[in-house]
1. Looking at the range 492-506, can you tell me whether even one residue there is within 22 Å of Leu621 (Cβ to Cβ), surrounded by 22 or more Cβ atoms within 10 Å (Cβ to Cβ), in contact (Cβ under 8 Å) with a residue 40 or more places away in the chain and among the β-branched types (Val, Ile, Thr)?
2. Under 28 Å from the mean Cα position of the chain (by Cα), surrounded by fewer than 17 Cβ atoms within 10 Å (Cβ to Cβ), aliphatic (A, V, I, L, M) and at pLDDT 95 or above: does that describe Val404?
3. Go through the range 407-428 residue by residue and tally those that are β-branched (Val, Ile, Thr) and either in a helix (DSSP H, G or I) or modelled with pLDDT under 95 (or both).
4. Between residues in the range 655-668 that are assigned to a loop (DSSP other than H, G, I, E, B) and residues that are surrounded by 13 or more Cβ atoms within 10 Å (Cβ to Cβ) and not hydrophobic (A, V, I, L, M, F, W, C), which pairs lie under 6 Å by C-beta distance while being six or more apart or on different chains?
5. Leu194 - would you say it is surrounded by 23 or more Cβ atoms within 10 Å (Cβ to Cβ), modelled with pLDDT of 95 or more, part of a helix (DSSP H, G or I) and in the same structural domain as Glu286 (by TED's automatic domain parsing)?
6. May I ask you to list the residues in the range 515-530 that are in a helix (DSSP H, G or I) and free of Cβ contacts under 8 Å to residues at least 24 places away in the same chain?
7. Pull up the range 336-384, narrow it to residues that are basic (Lys, Arg) and in contact with a strand residue (DSSP E or B) (Cβ under 7 Å, 6 or more places away or on another chain), then point me to the one that is surrounded by the fewest Cβ atoms within 10 Å (Cβ to Cβ).
Amino acid sequence: MEIMVEERKGNRLVGERSPYLLQHAYNPVDWYPWGEEAFAAARELDRPIFLSIGYSSCHWCHVMERESFEDLEVARLMNETFVNIKVDREERPDVDSLYMKVCQMMTGGGGWPLTIIMTPDRVPFWTGTYLPRFSKQGMTGMLELVPAVNKVWLEERDDIKGVTVKVLEMLDSFERDPDEGDVSTLPLLALERLKEDYEPKYGGFDGERKFPSPHKLIFLMRYWREHHDQVALDMVVKTLDNMIKGGIRDHVGGGFHRYSTDPRWHLPHFEKMLYDQALILMALTEAYAITAKQEYRQAAEELIVYVEKRLTSLEGGFFSSEDADAAGEEGSTYLWTYDELSSLLSAEDMVIFKELYGIWDSGNYRDEGTHMRSGKNVLHLTSFVAEHATKKGMDPVALMAWDVDLRETLRSKRDQRPDPALDDKILTDWNGLMIVALCKAHRYLGSERALRMAKQALTFLEERMVVDGELYHNSRTGHVGAPSFLDDHASLAWAHLEMYYLTHEAKQLERVLGLTEQMINLFADKEEGGLFMSREDPLLLVRIKDLYDGAAPSGNSIAYFILVQLAALFNDARIVSVVEGSERHFLKELRVVTSSYAMFINGVLMKETSKTLEIFGPGNLHIEGYHPHLMTIMAEHLEKGAVRQRPSYRLCLKGTCLPETEDLTEIERMLK
């Protein structure tokens, strides 16, 4: 959605840098940014707060803006009743995570836009998501809701107090009880839960709506690697095959959309998020290392090109997302009418293309809101190109080359359309994930492009997101925003660790250790265990420890995954203590909903099965094959012995080291 600056007075968001907040800067709603000014106004006026949380590429956020926040009557009611606050969830993930938990506790669901109505003391008493202007389809409209809330606020304040007391009690009880049990059983439990959740026809782990959930796929591949469970790998292959063929993949421009609104992965919501590209790239590269399926390599390489062309700043950092909408219409960048395609392709090509990509004369894309056919088509493969060629008695190599050329023709045509809006803020945590993915692309695909992009991004983060030794969460147009959160330290440390495993440069390992030390100092709960998501902040209702792996893994999960590796490498007492504290603090919840914490369970797998290869002597090292739990480290960085004139190696398993050898093939044989 383009930011429209009309000739009318802006609200308090005009000075903000967030693209999402700027989209709302000329709404007639009197928006405040999150801050003490808004809360002081609410206390002074004795008004409830209307808190609206979203992000710039969110389709339903745009719908609610058009229907409600741009409507003069709705705006008048809101301005007379509330102090209105807008939050970009990507700038303030702590605020979003806290109030999303409250919404889920109160309603059993959640999503964006997230709508919270709360007291001036920031305690919610009503929660919801998208709200239309008029009531419809069982949803209360803003024109009905706002007067109703005002009446309750003025006449039934004791009822509101009763609700807020219960909310505070729920938040207080949300803290986990510590448990001294064993975490080693969690991977098998997670596998069993994922098998129960798995949808066998098209893959994935959701119902009508399908989210990629790559961290679950990564866990399944790593479990397969250690325990040889073929069902685990089969679930990954079925899921990735259908994602790659589906409309959730952008077959013309590369990359993947956020999620599919149908179980077949065909009908997406069209926003493209950096974290999705990162996590899907991790899954594709690891799956390619196992299967050598060329479709995985192709999808991964096209994703990398997409990120470089569309989501990379001139200085090397990665932007956050591209919008679902362009020119006010969802998916208009990506959808095709039959006539458009016919005008671009020859009659002979159109016959093949129509069958291969599931094109209908009347359109195959249904509007999510109306469920009516739109007359347009979203491209999705009915089968892989090589398989289609074999079925039709065609030359697979020739058809694959034809497919590449034809999609390039469509890309050239699509480049003439309006682009979806770009959210060009740079987030440290999402950039860290992308760097990790690019390191894996270099390791498993041999992509020099990926390695170059990863190094440039790391340099950008260290030069632009660190000011006077302080790490920051976000930046835009050269200006940093909020100080770092747990996720920033964890993801950036992971990025440096993966770069170390590729290059074995001492400076990368030094940065890992520095970031984790800062992370422990800022966020570790030394009494109860686990790590807080944010620093101390008087404006936060409570300081939470988030473990749930949603669309992206939580900071606690990534931190645990990193710390178990450092504990194995260095046996540092402080790091070991944080690892054990996290296990105690989260164990009860991990046992109940294990499959929702796949990244944390990846850490458990790493802890239980990790192997360390100590390298003595000059040169770098690359071990062929898929060894996700192998840590490679220069012995001199462990201060173990003198550097050899010729390279030699020592493999250590569970603290027991095998004899040192110069024969790398012997090491590879043992790893298999």
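The values are calculated or read from the model by the stated rules, or taken from the named source; none is laboratory data. Small disclaimer: the values here were computed from a predicted structure and weren't measured. Don't worry about glycine lacking a Cβ; one is built from the backbone with ideal geometry, like all the others, and counts go over all protein chains shown.
1. No, that holds for no residue.
2. no
3. Residues that pass the stated criteria total 2.
4. Filtered contacts from the range 655-668: Glu660/Ser648; Glu660/Arg650; Glu662/Ser648.
5. When the stated conditions are applied, Leu194 passes them.
6. Residues of the range 515-530 in a helix (DSSP H, G or I): 515-523.
Across the range 515-530, the qualifying residues are Glu517, Asn521.
7. Applying the filter and picking the extreme gives Arg373.
To keep it simple, each residue is scored yes or no on (1) modelled with pLDDT under 90; (2) under 25 Å from His442 (Cα atoms); (3) surrounded by 13 or more Cβ atoms within 10 Å (Cβ to Cβ); (4) outside the structural domain of Gln508 (by TED's automatic domain parsing).
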position: Ile562; (1), (2), (3), (4): no, yes, yes, no
position: Ala567; (1), (2), (3), (4): no, no, yes, no
position: Gly581; (1), (2), (3), (4): no, no, yes, no
position: Thr594; (1), (2), (3), (4): yes, no, yes, no
position: Ile623; (1), (2), (3), (4): yes, yes, yes, yes
position: Ile633; (1), (2), (3), (4): no, yes, yes, yes
position: Leu658; (1), (2), (3), (4): no, no, yes, yes
